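Comments concern the structure below.
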Amino acid sequence: MQKIVQIELDGVNSYLIKNGDAFLLVDTGGHMFMDKVYTNRRDALEKRLEEEGVNENNLRLIVLTHGDNDHVCNAKYLRDKYHARIAMHPSDVWMVKRADFSCYQANSNYESPVLKLFFHFMNSKIDLLMKKVYAEFEPFRPDILLKEGQSLKDYNFDGTIYHCPGHTNGSIGILDSKGNFICGDLFANNKKPALAINAKNFKELRMAAKQVLGLKVTTIYPGHGKPFQAAAIKVNDK
């Protein structure tokens, strides 16, 4: 029976899907600009993977929900260590091939006036941090380009890829036959279930969210915060 394990990395999640003796890792953690301690979370992620029994013989695939640093930072390192292929949507490949401040700017739009003001004053601090982050980033090219409706059965996992643009152009989610949906940053659950607070395009984000909620989704596994029931969230038109 397939099982989803949440790996909470101090503010950002990776998810480990286990099916028999095989594993699939969704997202790889990374720095966050609100960190009090500068960390790529690699040590914490490796420790959890080892505790779950992951090794170079059983990690079949690394799927990236989108190209933000806090989700992709350790991807190349883990591919080299575990000999697992990396899969992501082609529209976000540019974000991992040449990581720089433009990657952060790509989806740093906020609808909330309070958040707009906050991040305006934080911009110089964020700029300095992200320069440091991207100077250390290990660029890579994904091995597999994912598309809408693609099945993971070829890798012996129960799951279908859904393209969910809005947060980034290449954001994707994974839906299994039990109604579990790993959503990347389409939704978050920091204080309560909600749409992502930042996006490249909020109109597209809402459209994608409505489409996802129209599927047979029961439980949503967000990139930030705890999993929650799909019934706990509604998406309204702006």
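The values are calculated or read from the model by the stated rules, or taken from the named source; none is laboratory data. Not measured: the values here are computed from a predicted model. No Cβ is skipped: glycine too gets one built from the backbone with ideal geometry, and neighbour counts run over all protein chains shown. In case anyone asks, the SASA skips ligands and DNA or RNA and just uses the protein heavy atoms, side chains included. Shrake-Rupley method; radii C 1.70, N 1.55, O 1.52, S 1.80 Å.
The three principal axes of the C-alpha atoms in the stretch 60-115 carry coordinate ranges of 45, 19, 18 Å, sorted with the longest axis first. Around the amide H of residue 65, modelled in the peptide plane, lie the amide H atoms of 27, all under 5 Å away and 5 or more residues distant in sequence or on another chain. Of the GluC sites (Glu not before Pro) found in the stretch 1-68, the ones in coil according to DSSP and having at most 13 other Cβ atoms within 10 Å of their Cβ are 56. Its DSSP H runs of at least 4 residues, each contributing -39,500 (n - 2.57), put the calculated 222 nm mean residue ellipticity of the chain at -8500 deg cm²/dmol, to the nearest 500.
Each label was represented as a point 7 Å from its Cα along the Cα-to-Cβ direction; for residue 236 and residue 115 these points are 1.6 nm apart. Average 1/r across all pairs of distinct alpha carbons in the chain, invert it, and you get the Kirkwood radius: 17.8 Å.
Of all beta bridges that DSSP places with both ends in the chain, some 65 percent have antiparallel geometry. Of the trypsin sites (Lys or Arg not before Pro) found in the stretch 65-148, those that fall in a DSSP loop while having at most 15 other beta-carbon atoms within 10 Å are 98, 147. Per residue, the convex hull around the alpha carbon atoms of the stretch 104-222 comes to 126 Å³. The trypsin sites (Lys or Arg not before Pro) of the stretch 1-46 meeting both criteria, a DSSP state outside H, G, I, E and B (loop) and at most 11 other C-beta atoms within 10 angstrom of the site's C-beta, are 36. Taking all protein chains into account, the per residue accessible area for the chain stands at 49 Å² (1.4 Å probe).
Here is the size of the stretch 10-103 from its Cα atoms: Rg then Dmax, 13.0, 40 Å.
Taking the accessible area of the chain, probe 1.4 Å, and keeping the other protein chains in place, the carbon and sulfur fraction comes to 51%. By DSSP, the beta bridges lying fully in the stretch 113-238 are antiparallel in about 70 percent of cases. Pairs exceeding 29 Å between alpha-carbon atoms, taken from 200/226; 76/132; 47/191; 132/192: 132/192. Charged neighbours of residue 223, selected by a Cβ distance under 9 Å, balance to -4 (K, R count +1; D, E count -1). Relative contact order of the chain: what whole-number percent is it, with Cα pairs under 8 angstrom and at least 6 residues apart? Relative contact order for the chain comes out at 16 percent. Dimensions of the stretch 164-217 from C-alpha coordinates, computed as largest minus smallest value along each principal axis and given longest first, are 30, 25, 16 Å.
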